[in-house]
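Participant: Right, I'll just put the structure down here and ask away after.
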Amino acid sequence: MDMRLESSLFKRVQETAYLNAERTWSYRTILRYFYIQHERMQEFLFPEEIYAYLKRLPEFYDYTEEQLHQDLAQLVNWKNLVARQELSNARSIEEFKKKRFRYQCTPYTVEIERMLEKLERIGDSFGGSLERTQFDRLYQSLQEVEELVRTEGGIREKDEECAQLWDDVFNYFRSIVQNTSDYIAYINSEQVEERMKTEAFLAYKDQFTAYLRDFIISLQQTALKIQALLESVTVSQLHPFIVKVVRHRLFVPRFEDMSITEDELITDHIEKWESLKRWFLGSSHHDSEFHLLQLRTNETIRRVTRVVQRLGERSHNFRSRKKDYVHLARWFSELEDVREAHALSSVVFGVFHTRHLFSDHIPSEDLYTDVWEEQPVDVLIRPRIRHYAEKTRPGAVKENREKKEAARKAYLEERERERGILEQYIDGDVIRLKMLPVVEVHVRKRLLGWIGKSMAKKDGIIQTELGHKIQVTLHLDQPSIRLRAKDGVLVMPDATIRFLEEREVG
């Protein structure tokens, strides 16, 4: 099943072509009408019904039947509709020759329109919710599964009951994953961030915080039970139950799934169970999604608390502090010892004549690191006067002739060594890349550099940095070659490098 799924990812989804076509306004209206009628269990529609519906819309005032038949034919070509010839109601030979069709929308089209309808209701914001009852229902369904797999003498329930219980488990699980992820994305969206900064959020914050707090408490209580249950049930114990579920799936006739074997379906169901376990228990390499959900919910509560605190401080700035100052003045007046007054002052007003020091040194990228956990930094303080300049000492310019000569000599020796290695691959004034063995890295770079420079010339003739005049010919009509070097293998077109002048053989 995995191979079929992977191969389908490379196919072009032709059924979505009508969403961005030139006449998308008519295609979408027609298919939306088909979708509405499909939901009302009216599968087949005649062109006359569709045309009567379209003519009731002001946008289709000039729309003709010929245009309708053209649009229907195009939608059939895109596999959005299936056309079936209607022969039973032909009242004349002319009607029979016209090939009167009735149309039915395909399953792909129904799902696309269903998705579009859902997206239109969502708008620009995420939906979702944090429902506590979903976890309780999932736990109850898992308990029923556990009781069945631990029944002595095997599972006695019918295949249909086992399949229904399996669907309940994964419907609740799918609902949990979708709703929680959507709601977390919603409360972390830019729109909610902006609303949290307004004063109107203060009246809403208690309800919002209580909602998150109740969810996290219920989540911790129920999810721990789910984790213990999932750890206790092994795949070998669950296998007979899955066999019954798969047996019921195969009992339902579906012609498109006839190629799927029972073993493949069992493997698919086991993988679904493993994904459920990973969501709650995690793996050896990654934390569970349940743990991440807890962290995100707790972080959201802390973020809301910080926002409320900032809003409260901002509102307090405009409040009269007269009563506070009168109370402090009365408090100070009742003190008899000046040292007690100093102690009270230090608590109320803080330290006087404080100095704020700033340093652009950033010892850590961690936002939550406290000041006392960082290493001390030495700061050089310079006087703030206009004509201040650091003292400098005059120094002599060193010639370094010996170092320059040694570096020049080493460079020339390296070039000469590379030239000697390159000479080994020249056969009769020609280098054929297809015939080369495993070459050194610098040889590969030099050959590719020559090829790159020659491609800018019409005749392919260039002058190399080694003083050679060469002509590069690419054999594009021949199969690609594998140029092997010590740092890897490069797949490229075959090429011939011809030396046009005599070389000095060292």
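Participant: If ligands, DNA and RNA are left out, what is the accessible area of THR133 with a 1.4 Å probe, given in Å² to the nearest 10?
Facilitator: 70 Å²
Participant: Heavy atoms only, 1.4 Å probe, whole protein assembly: order MET41, MET115 by accessible area, highest first.
Facilitator: On the way: MET41 165, MET115 100 Å².
Reading off the accessible areas and sorting them downward yields MET41, MET115.
Participant: With a ≥ b ≥ c taken as the square roots of the eigenvalues of the C-alpha gyration tensor of segment 365-405, please select rounded if a/c is under 1.5 and otherwise prolate if a/b is larger than b/c or oblate if it is not? Don't skip to the end; give the middle numbers.
Facilitator: Values: a/c = 4.88, a/b = 1.66, b/c = 2.94.
Verdict is oblate for segment 365-405.
Participant: Looking at segment 412-483, which GluC sites (Glu not before Pro) are in a loop (DSSP not H, G, I, E or B) and have at most 16 other Cβ atoms within 10 Å?
Facilitator: Values: sites: GLU413, GLU414, GLU416, GLU418, GLU423, GLU440, GLU465; in loops: GLU440, GLU465.
Those satisfying the criteria are GLU440, GLU465.
Participant: Specify, per residue and in Å³, the volume enclosed by the convex hull of the alpha carbon atoms belonging to segment 418-461. Write down the numbers at each step before the final one.
Facilitator: Values: hull volume 3.7 nm³, N = 44.
About 84 Å³ per residue, rounded to a whole number.
Participant: Largest first, what is the accessible-area ranking of TYR51, TYR211 with a 1.4 Å probe?
Facilitator: Values: TYR51 50, TYR211 80 Å².
Heavy-atom accessible area, descending, gives TYR211, TYR51.
Participant: Another one. How much solvent-accessible surface does SER284 expose, in Å² to the nearest 10, with a 1.4 Å probe and all protein chains in place?
Facilitator: Spelled out: SER284, probe radius 1.4 Å, area about 110 Å².
Participant: Amide H of HIS475 versus every other amide H placed in the peptide plane: which residues, excluding those fewer than 5 positions away on the same chain, fall under 5 Å?
Facilitator: Under 5 Å from the amide H of HIS475: ASP494, ALA495, THR496.
Participant: On to the next question. Within segment 33-72, which trypsin sites (Lys or Arg not before Pro) sit in a loop by DSSP and count at most 10 neighbouring Cβ atoms inside 10 Å? Please list the in-between numbers first.
Facilitator: Working: sites: ARG40, LYS55, ARG56; in loops: ARG40, ARG56.
Those that pass, being in a loop and sparsely packed, are ARG40, ARG56.
Participant: Heavy-atom accessible area of HIS285 with all protein chains present, probe 1.4 Å, nearest 10 Å²?
Facilitator: So the heavy atoms of HIS285 present about 150 Å² to solvent.
Participant: Taking the Cα centroid of segment 344-362 and of segment 388-402, what is the distance between the two, rounded to the nearest whole Å?
Facilitator: 43 Å
Participant: Where a ≥ b ≥ c are the square roots of the eigenvalues of the C-alpha gyration tensor, would you call segment 281-417 rounded, which needs a/c under 1.5, or, failing that, prolate if a/b is larger than b/c, or oblate? Before the final figure, lay out each step's value.
Facilitator: Working: a/c = 4.04, a/b = 1.57, b/c = 2.57.
Oblate, because a/c is 1.5 or more while a/b does not exceed b/c.
Participant: Stretch ALA73-ASP429 to full length: gain in nm at 0.36 nm per residue minus the Cα-Cα span?
Facilitator: Details: separation 356, 0.36 × 356 = 128.16 nm, distance 6.59 nm.
121.6 nm is the gain from fully extending ALA73 to ASP429.
Participant: Further question on the same structure: Largest first, what is the accessible-area ranking of TRP331, TRP166 with a 1.4 Å probe? Show your work: numbers first, answer last.
Facilitator: Numbers: TRP331 115, TRP166 10 Å².
These residues rank, largest area first, as TRP331, TRP166.
Participant: Could I ask something else about it? Once you have a ≥ b ≥ c as the square roots of the Cα gyration tensor eigenvalues for segment 357-428, tell me rounded if a/c is under 1.5, and otherwise prolate or oblate according to whether a/b is larger than b/c. Don't skip to the end; give the middle numbers.
Facilitator: Numbers: a/c = 5.38, a/b = 1.87, b/c = 2.88.
Taking the square roots of the gyration eigenvalues as a ≥ b ≥ c, segment 357-428 is oblate.
Participant: Ratio of Rg to Rh for segment 356-492, alpha carbon only, Kirkwood? Can you show the working numbers first?
Facilitator: On the way: Rg = 28.1 Å, Rh = 21.7 Å.
Using Cα coordinates only, the ratio equals 1.30.
The values are calculated or read from the model by the stated rules, or taken from the named source; none is laboratory data. Because the structure is a prediction, the values reported are computed rather than measured. A quick note on method: Cβ atoms are made from the backbone with ideal geometry, for glycine too, and the neighbour counts reach across all protein chains shown. Protein only, heavy atoms only, side chains kept; ligands, DNA and RNA dropped before computing areas. Shrake-Rupley method; radii C 1.70, N 1.55, O 1.52, S 1.80 Å.
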